[in-house]
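The values are calculated or read from the model by the stated rules, or taken from the named source; none is laboratory data. On a predicted model such as this, the values are computed, not experimentally measured, just so you know. Cβ placement follows ideal geometry from the backbone for every residue including glycine, while neighbour counts extend to all protein chains displayed. The accessibility values were calculated without ligands, DNA or RNA, using every heavy atom of the protein model including side chains. Shrake-Rupley method; radii C 1.70, N 1.55, O 1.52, S 1.80 Å.
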Number of protein chains: 4
Amino acid sequence: VLAALADANGGAAAAYGDDTVTSRLEASLAALFEHEVAVFPVATGTAANALALSALAPPWSAILCHREAHIAAAECGAPEFFTGGARLVLLEGEAGKLSAAALEAECAHTLRPHRGAASAVSLSQATEAGAVYTPAEIAALSEICRGQGLKLHVDGARFANAVAALGCSPAEASWKSGVDALSFGLTKNGAMAAEAVIFFDPALARDFDYRRKRGGHLFSKMRFVSAQFQAMLEDDLWLRLAAHANAMARRLAERLVKLPGVRLAYPVESNQLFVSLPEPAAAALESRGFLFHRWETPSGRCVRLVTAFDTRREDVDRLTAETAGCLQEIGPPGRNL
Amino acid sequence: VLAALADANGGAAAAYGDDTVTSRLEASLAALFEHEVAVFPVATGTAANALALSALAPPWSAILCHREAHIAAAECGAPEFFTGGARLVLLEGEAGKLSAAALEAECAHTLRPHRGAASAVSLSQATEAGAVYTPAEIAALSEICRGQGLKLHVDGARFANAVAALGCSPAEASWKSGVDALSFGLTKNGAMAAEAVIFFDPALARDFDYRRKRGGHLFSKMRFVSAQFQAMLEDDLWLRLAAHANAMARRLAERLVKLPGVRLAYPVESNQLFVSLPEPAAAALESRGFLFHRWETPSGRCVRLVTAFDTRREDVDRLTAETAGCLQEIGPPGRNL
Amino acid sequence: VLAALADANGGAAAAYGDDTVTSRLEASLAALFEHEVAVFPVATGTAANALALSALAPPWSAILCHREAHIAAAECGAPEFFTGGARLVLLEGEAGKLSAAALEAECAHTLRPHRGAASAVSLSQATEAGAVYTPAEIAALSEICRGQGLKLHVDGARFANAVAALGCSPAEASWKSGVDALSFGLTKNGAMAAEAVIFFDPALARDFDYRRKRGGHLFSKMRFVSAQFQAMLEDDLWLRLAAHANAMARRLAERLVKLPGVRLAYPVESNQLFVSLPEPAAAALESRGFLFHRWETPSGRCVRLVTAFDTRREDVDRLTAETAGCLQEIGPPGRNL
Amino acid sequence: VLAALADANGGAAAAYGDDTVTSRLEASLAALFEHEVAVFPVATGTAANALALSALAPPWSAILCHREAHIAAAECGAPEFFTGGARLVLLEGEAGKLSAAALEAECAHTLRPHRGAASAVSLSQATEAGAVYTPAEIAALSEICRGQGLKLHVDGARFANAVAALGCSPAEASWKSGVDALSFGLTKNGAMAAEAVIFFDPALARDFDYRRKRGGHLFSKMRFVSAQFQAMLEDDLWLRLAAHANAMARRLAERLVKLPGVRLAYPVESNQLFVSLPEPAAAALESRGFLFHRWETPSGRCVRLVTAFDTRREDVDRLTAETAGCLQEIGPPGRNL
């Protein structure tokens, strides 16, 4: 990625995305997705999600998403800001996946204009709990959306990990399953700051250049964002990095569950693990310098571990060994946290 | 009220609220509430709520309210619009009353700046299920608010019915219990269009004239709104009308529950009844010309009946008789709706 | 108007505009304008203008209007608020009338997306300087709008005075001249609070009920606003009142200009006069209890006088006499203000 | 800069700005400005300006700036978006500099709440016409601001060029002259994407982390933005690059004005030149591959030339020679464009 930046640095170039690196990126993504696409590189996942949703949801409408969705839990109201006040309606579902039943139940409520109107559904792929929607699951949700006149957005901050896990094509995981807009993120997958909003129906993108510009997300030196993307796309680097992170997560999971008192709150489908272990052991791990978040799950409080594009086998094995050490240190488990 | 309008119609008057009717209203409300107040008449309850909340909640913050609150269920995103994107976080509680436990649990979540910040709590008094908060209950919620730096708003579209039911003073039901801002509505209580936002701390109202003007809620002929208010306040007309509506609701409840197959989903504390009766009976009532909404409650689907300032004893007795007729018509109850 | 309110007060009625008074109003206005209309009663002119513009102008766009337009000078940012941030671009023209040349010059600027995009033009009819656009003038501006893809809005707070002055039909002053949306105001013309947004292309009104509701401008007892309108429309009361106000303005102008040292800054075309007279005389008039605003005009500071639906000949003659008295009192004019 | 990025790339780091590179940057900027600062790196100048203004200007207020200011002419409504609808009021002044007289005249208008309220002034340093405010000029404007309760913002996309031209300290060009907030941009000066909002009064920055996050401008890998800044600050690289660009502009100006038919529309104070030359010569230059914008100035249409941190003497000399060639090619000047 850095080498690509250095390349993009050579010579003069047109500003604001009218450069050859950016137009090449559009062609590359159209090829990758096997479909006409409108592509808008931006620099944060929050911007990608909020801008994408603003093109799908009018200010008085509601966006339906899972209770744990990143857009609801960790973007400080960015969707409300960019849409001009649309509401996030929080629905349920296992492991962060929106259930079709919850979606249908919500769609049944309506009293125009008092209640407002639902306009869009947003899914996280992979979810905040590390689960992955299959193309069939997305298609089922998309069918409900079509029936209700709702647009379907996917927050793909971990799209790479999901596609790598599914073994399907990017097309199957997106427009072939009825996705209208995708926030395609590569920052978590190794880039410095590379996210793009991708529309599969250019009509939805008609005013997007205005939206992006007034949000302060039109980079004058767009080529530096585009170049990161391009570098990730070449030779499927993005998929290989994601597959590697997934493999490391599986490896870590296999090793950790063999330790006494350790369980997984969710199956490991991508590169996230939610590990239930005795709190004193978690604390001991932290005191040895490991950094992780605590996470509430239906089966109790967990530590959330995320493997990355650059996680090595040694890292996994060392973390396993250190965890084993911590568990031994604290003695036989009394009560799990 | 109409007579007061005719009075206000006589002669010329200063525009935009700088008239004697309006300043007299401010004095009257200060006397009624036994406290300095900043008063802003507006013409709809939605405007009163959304404008009041916009003075308490910055755009990136969250307003905590009950899942069934009118601001959440029936104002088409007005709070989001007037605040510039604040989020409504929906909490639980019985009969539309926000529980202190739910409030405390929500306040425990925070991760600045990712999650945003809670800024205000909004209660409906009486609630959408017809329940009434006691001053002690409000004070308990208000204490949590103070501890968390949250402002406390009351949606008082039915404040009159609540005060009449409690038998306490307007002061006890508001600032003495820790309320910062009150949407005081008299439209449901007999006026044509008379709502006011009342702040008990004038500092909160500092920019409110700008907010109201840009929301299109500064009437050039403000005296016509103020005059309605004034007429309602004289000789406690507002309280007498509300007490009457409450009494009619109790009368109706007492009579209806004696009918076979009829139950109440909630105790009748103000002027609303949620009546569970066999669906064919409800349909038969409708076909006889009665108008009401269906309502989901924890004990099943109900019909919602609201008594008004002008409901007469005969109306109550006639509805009781017609309901009895409908029940007879449909025969012995099979399954309740 | 009050009698109509008392009528509307009788009996029960459906809420939120689904009442017979309101639907009758829609039919009346369609007949008046000789065209299909979508009608939305609201209670202030600011709300009518800002809501109408929000349906025509996306948030990133610009609304072109005269530098002195009410929406720019006296609505505290309501257009920006309701549109979600659209910009007012202020153009020049004589007596408050937007000049075609200024409009064309502005339309020449464009650099997508950096500069944003113009989306709408708003005219005041009559203008803030009391001038009236002829249908031909509106049609000329509208032709430029069509060429640029701009919508045309008319702020008709004084539409009645303009139509009365022109002697044309409401249709000729609106859709026949290319107007897309009209804020039709009767508050200044005698109603208590009666304004309506009228769209001549229902497609523009598609989401308007959401916009109005979330702006807090959907009255639960809509019939009281509709009834005022209806009363004004019957027997052309609105036009007769406006014609009367215009006649009183002409009468006052004819008399005042005969006084020494008194001139008019603008021709009197509707019910407003901008009177240049020595400042000491203006001050003397004020000390005798007359209320008026000072106004900056190209020919210097003036006092602005507005005749009303209820101005009587005696009022005009008395004001003339008092002005003459004041002028005499201060002696021969030195310098005009 | 690229080397700094490579450095920042090594090892793991805390996300969202809680990293050592970013905290080091805050210390560096405090030292550079000789004052406590609150620093918020963002990635575009538009974001820096609009976010800074949102902290100074409430939604119903006006921001006063020069008619040609970048925030008014080229940011697609971003200030309106981030402030929630504040209005840009466009004032006059020579060479893009806001005149004190124009500022004072505007401040005289006020009619609360109808007109809204001015809240902030924004200056471009250097201006869009290449002019530079002296510290004394800023201080004079700032004094008017203080008297009116207005905050003072500086759009410093070319702050480096201005400081290099003035030969003063960054402190003298900012807080010592009364500046409250500065958009400090280094992108135009050689970085890839490095802009920062700097507040000299931390109280103004109290909620800024929320504003930035919800605008999608909180980078998870903030260190890559901070690192660019840090690299630019070391050994005054930012000032040396800017001084070089300025010198190249002066060199170019000196050479061009010697050519027949070539004039400068504005004095060259920073790194921009507005060159009046016969249009056929401009067209000929373009056909030889030079890229530049046409620009309207009071003395007619010009071509705008901007020298950069990496402009070489040879580039200047070659452009001069080519311009001379073009002028010769088209023969003796008829009329200047």
**Complete:** Which residues qualify? For B:Leu123, with a placed amide H closer than 5 Å and at least 5 residues away or on another chain, they are B:His153, B:Val154, B:Asp155
**Fill in**
Shortest first and in nm, the label-point separations between A:Ser23 and its counterparts in the other identical copies (7 Å out along Cα→Cβ) come to 4.7, 5.8, 6.9
**Item:** Reduced Cα scattering model of region C:181-337, Debye log10 I(q)/I(0), q = 0.18, 0.21 Å⁻¹
**Value:** -1.03, -1.26
**Request:** Would you calculate the separation in nanometres between label points at B:Asp317 and A:Arg206, each defined as 7 Å from the Cα along the Cα-to-beta-carbon direction?
**Result:** 6.3 nm
**Fill in**
Computed D for region B:102-161, Stokes-Einstein, Kirkwood radius over alpha-carbon pairs, 4 °C, 1.567 mPa s, to the nearest µm² per second, is 103 µm²/s
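Return the percentage of antiparallel bridges among DSSP beta bridges fully within chain A, rounded to the nearest 5 %.
On the way: 21 of 40 bridges.
Given both bridge residues lie in chain A, the antiparallel proportion sits at roughly 50 percent.
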**Complete:** Residue by residue through region A:218-234, the couplings from Karplus 6.51 cos²θ - 1.76 cosθ + 1.60 with θ = phi - 60°, in Hz, x for Gly and Pro, are 9, 6, 5, 9, 3, 4, 6, 6, 4, 5, 5, 4, 4, 5, 5, 7, 5
**Complete:** A correct Karplus calculation of ³J(HN,Hα) over region A:289-296, with 6.51 cos²θ - 1.76 cosθ + 1.60, θ = phi - 60°, whole Hz and x for Gly and Pro, returns x, 7, 10, 7, 9, 7, 9, 7
**Prompt:** Is it possible to state the helix-based mean residue ellipticity at 222 nm for the protein assembly as shown, with each DSSP H run of 4+ residues giving -39500 (n - 2.57), the sum divided by total residues, to the nearest 500 deg cm²/dmol? What is it?
**Reply:** -12500 deg cm²/dmol
**Label distances, nm, A:Pro298 versus same residue in remaining copies, Cβ-directed 7 Å point** = 2.2, 7.2, 7.4
**Asked** Which FRET efficiency, nearest 0.05, do B:Ser23 and B:Asp236 yield, Cβ-Cβ r, R0 30 Å?
**Response** 0.90
**Prompt:** Could you give P(r) for region C:217-281, binned at 10 Å from zero, as whole percent values over all Cα-Cα pairs?
**Reply:** 19, 30, 21, 18, 11, 1
**Item:** For q = 0.12, 0.15, 0.20, 0.22 Å⁻¹, Debye-computed log10 I/I(0) when each Cα of region B:169-272 counts as one equal scatterer
**Value:** -0.59, -0.82, -1.14, -1.24
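On a full-extension model of 0.36 nm per residue, what is the gain between D:Leu291 and D:Ala139, subtracting their alpha-carbon distance, rounded to one decimal in nm? Spell out each step's value before the answer.
On the way: separation 152, 0.36 × 152 = 54.72 nm, distance 3.72 nm.
Gain on stretching D:Leu291 to D:Ala139: 51.0 nm.
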**Request:** Report, ordered by chain and residue number, the lysines lying within cross-link reach of C:Lys97, taken as a straight Cα distance under 30 Å and ignoring same-chain residues fewer than 8 apart.
**Result:** B:Lys213, B:Lys221, C:Lys151, C:Lys176, C:Lys188, C:Lys258
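Could you work out the Rg to Rh ratio of chain D, with Rh taken as the Kirkwood radius (inverse of the mean 1/r over all Cα pairs)?
Numbers: Rg = 20.8 Å, Rh = 20.9 Å.
Ratio value, two decimals: 1.00.
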**Item:** Amide H partners (placed H, <5 Å) of B:Leu91, local residues excluded
**Value:** B:Cys65, B:His66, B:Arg67
**Request:** For region B:47-140, just the Cα atoms, rotate onto the principal axes and tell me the three extents in Å, largest first.
**Result:** 34, 30, 19
**Complete:** Rounded to the nearest 10 Å², the 1.4 Å probe accessible area of D:Glu34 is 100 Å²
**Item:** Simple spin-label estimate for A:Arg67 and C:Glu92 in nanometres, 7 Å along Cα-Cβ
**Value:** 6.3 nm
**Prompt:** When only alpha-carbon atoms count, how far does region A:73-122 stretch along each of its three principal axes, as whole angstroms with the largest first?
**Reply:** 30, 29, 12
**Message:** Can you give the log10 of the normalised intensity I(q)/I(0) at q = 0.13, 0.14 Å⁻¹, computed with Debye over equal Cα scatterers of region C:259-337?
**Reply:** -0.37, -0.43
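State, as an integer percentage, the relative contact order of chain D based on alpha-carbon contacts under 8 Å between residues 6 or more apart.
Working: 646 pairs, mean separation 64.6, N = 337.
So the answer I get is 19 percent.
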**Request:** Please identify, among C:Ala227, C:Ala283, C:Ala120, the residue showing maximal mean-square fluctuation in a Gaussian network model of chain C using a 10 angstrom Cα cutoff.
**Result:** C:Ala283
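For Cα pairs less than 8 Å apart in space and 6+ apart in sequence, what is the mean separation divided by the residue count of region B:192-309, i.e. the relative contact order in percent?
Numbers: 111 pairs, mean separation 24.5, N = 118.
Relative contact order for region B:192-309 comes out at 21 percent.
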**Prompt:** Over the Cα atoms of region D:150-217, what Rg and Dmax result, in angstrom?
**Reply:** 12.9, 38
**Request:** Please build a GNM for chain B, connecting alpha carbons under 10 Å apart, and tell me which residue among B:Val132, B:Val154, B:Val306 fluctuates the most.
**Result:** B:Val306
**Message:** Need one value for C:53-59: mean number of C-beta atoms belonging to other chains within 10 Å of its residues' C-beta atoms.
**Reply:** 2
**Prompt:** Where does the protein assembly as shown land on Rg/Rh, using Cα atoms and the Kirkwood Rh?
**Reply:** 0.99
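Please average, across the residues of C:84-94, the number of beta carbons from any other chain that are within 10 Å of each residue's own beta carbon, and give a whole number.
Details: counts 11, 14, 3, 8, 3, 3, 2, 0, 0, 0, 0.
Mean shielding count: 4.
In what sequence, largest accessible area first, do D:Lys213, C:Lys221, A:Lys188 appear using a 1.4 Å probe?
Values: D:Lys213 5, C:Lys221 40, A:Lys188 100 Å².
From most accessible down to least: A:Lys188, C:Lys221, D:Lys213.
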**Request:** Between copies, how far apart are the A:Val257 label points? List them in nm, one decimal, shortest first, with each point 7 Å from Cα toward Cβ, please?
**Result:** 5.4, 7.9, 9.5
**Message:** List the residues, sorted by chain then number, that are 5 or more residues from D:Ala62 or on another chain and whose placed amide H is less than 5 Å from its amide H.
**Reply:** D:Arg87, D:Ala117, D:Ala118, D:Ser119, D:Ala120
**Item:** Heavy atoms of A:Arg255: accessible area, 1.4 Å probe, square angstrom to 10
**Value:** 80 Å²
**Item:** Residue closest to axis [chain B; rotation mapping onto D; Cβ; Å]
**Value:** B:Gly84, 2
**Request:** Determine the order of B:Glu329, B:Glu137 by accessible area, beginning with the largest, at a probe radius of 1.4 Å.
**Result:** B:Glu329, B:Glu137
**Fill in**
Applied in sequence order to region B:179-187, the curve 6.51 cos²θ - 1.76 cosθ + 1.60 (Karplus, θ = phi - 60°) yields integer Hz couplings, x standing for Gly and Pro, of 6, 8, 8, 10, 8, 9, x, 10, 4
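Sort D:Val316, D:Val89 by accessible area with a 1.4 Å probe, largest first. Don't skip to the answer; put the middle values down first.
Numbers: D:Val316 5, D:Val89 30 Å².
My answer, sorted largest first, is D:Val89, D:Val316.
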**Request:** Using only protein heavy atoms and a 1.4 angstrom probe, determine the accessible area buried between C and B, summed over both sides, in Å² to the nearest 100.
**Result:** 2600 Å²
**Request:** Return the single residue from D:Pro59, D:Pro280, D:Pro298 with maximal mean-square fluctuation; model: Gaussian network over chain D, springs between Cα atoms under 10 Å.
**Result:** D:Pro298
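Peptide C:204-213: average number of partner chain Cβ atoms within 10 Å per residue? Present the calculation step by step, with values, prior to reporting the outcome.
On the way: counts 0, 0, 0, 6, 1, 5, 11, 6, 3, 14.
Taking the mean over all residues of the peptide, I get 5.
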**Prompt:** So how much accessible area does C:Leu166 have, in Å² to the nearest 10, using a 1.4 Å probe?
**Reply:** 50 Å²
